[in-house]
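The values are calculated or read from the model by the stated rules, or taken from the named source; none is laboratory data. It should be emphasised that the depicted structure is a prediction, and the values quoted were computed from it without experimental measurement. FYI the Cβ positions are ideal-geometry reconstructions off the backbone, even for glycines, and counts take in every protein chain you see. Heavy atoms of the whole protein, side chains included, go into the accessibility calculation; ligands, DNA and RNA do not. Shrake-Rupley method; radii C 1.70, N 1.55, O 1.52, S 1.80 Å.
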Amino acid sequence: MMRPYRRPTPPPHWHPAGRYPAIRTVLGITFGTSFALSLDHLYGNGYTVDGYGNDMVYLRNVTQLNYLWPDATLFYGPGGLTGSEFFYSTSVYDPSRYNYVYRDLVRAYGPPATMTYPNGGYMATWFINGNGYIRLQFGRGESYGGSSRFYTSLSFGN
C-alpha cells in the first residue's frame, strides 16, 4: 500500500507536553542524511534493500519498535531523509498489531495529539519535541495485486 509522503501538521494550539524523547534517527540513519549515505548505511548494516528511486528506498523485513515489519519505505527530500513508513498487512480484519504498537507508543510518548477514524479504521498521531512526529494507522487498503488487505502502518518523520 504505497501513498505519497506527507508530513502531518500539528493541530492548532498544539505544544509538546512533557519531556518525551525526540526522534532523530530511523534505522540508525539521522534525519537529514543524504540518499547515498543512507544506502551505504543500509547495505553496510545488513538491511534488505528491495529497490530505490524517486527519493525513496524500499526495504524488506526490518525491525522497528521491537516488531518485524515486512515492508518499509524511507523518504528523501532536498535536505536528506525526511520520513519513513513501515507496513504490516493481513488478509483478515486483525487490529492486534495496531493495538500492541499503540500501547507501546502511549507508554513512551503519552496519549496521541490527534486520534481519527478514517474509513472505519484508526489513526493516531503524536508530535514530538524537536519537530518530530509518529503516526500509527490501521485500515483496509488494496495490495499491488488488487486484493483487499488490512494494513497497519507506522510512520516516523521530522
Looking at the stretch 107-152, which of its residues are closer than 15 Å to PRO8 by Cβ, surrounded by 12 or more Cβ atoms within 10 Å (Cβ to Cβ), out of contact with any Ser or Thr (no Cβ under 9 Å at 6 or more places or on another chain) and of a type outside the set (Val, Ile, Thr)? TYR109, ASN131, GLY132
Scanning the stretch 63-75 for residues that are in contact (Cβ under 8 Å) with a residue 40 or more places away in the chain, of a type in the set (A, V, I, L, M, F, W, C) and within 19 Å of ASP104 (Cα to Cα), the one surrounded by the most Cβ atoms within 10 Å (Cβ to Cβ) turns out to be TRP69
Does any residue of the stretch 78-95 turn out to be open to solvent by 60 Å² or more (accessible area, probe 1.4 Å), small (Gly, Ala, Ser) and out of contact with any Asp or Glu (no Cβ under 7 Å at 6 or more places or on another chain)? yes
Check off (1) within 27 Å of SER148 (Cβ to Cβ); (2) open to solvent by 60 Å² or more (accessible area, probe 1.4 Å); (3) part of a loop (DSSP other than H, G, I, E, B) for PRO8 and give me the number that stays unchecked. (2)
Give me the pairs, please: first residue somewhere in the stretch 51-62 and under 14 Å from LEU27 (Cβ atoms) and basic (Lys, Arg), second residue anywhere and assigned to a strand (DSSP E or B) and open to solvent by 70 Å² or more (accessible area, probe 1.4 Å), beta-carbon distance under 6 Å, and either six or more positions apart or on two chains. ARG60/THR48; ARG60/ASP50
Positions within the stretch 37-62 being of a type in the set (A, V, I, L, M, F, W, C) and assigned to a strand (DSSP E or B), in sequence order: VAL49, MET56, VAL57, LEU59, VAL62
I'm checking my understanding of the structure. Among residues of the stretch 42-54 that are loosely packed, with under 15 Cβ neighbours inside 10 Å and modelled with pLDDT of 95 or more, which one is farthest from the chain's Cα centre (by Cα)? GLY44
Identify, please: which residue in the stretch 77-110 is hydroxyl-bearing (Ser, Thr, Tyr) and part of a helix (DSSP H, G or I) and is, among those, nearest to PHE31 (Cα to Cα)? TYR109
Which numbered condition trips up ASP104, out of (1) in contact (Cβ under 8 Å) with a residue 40 or more places away in the chain; (2) within 16 Å of TYR133 (Cα to Cα); (3) exposed (fewer than 15 other Cβ atoms within 10 Å of the Cβ)? (1)
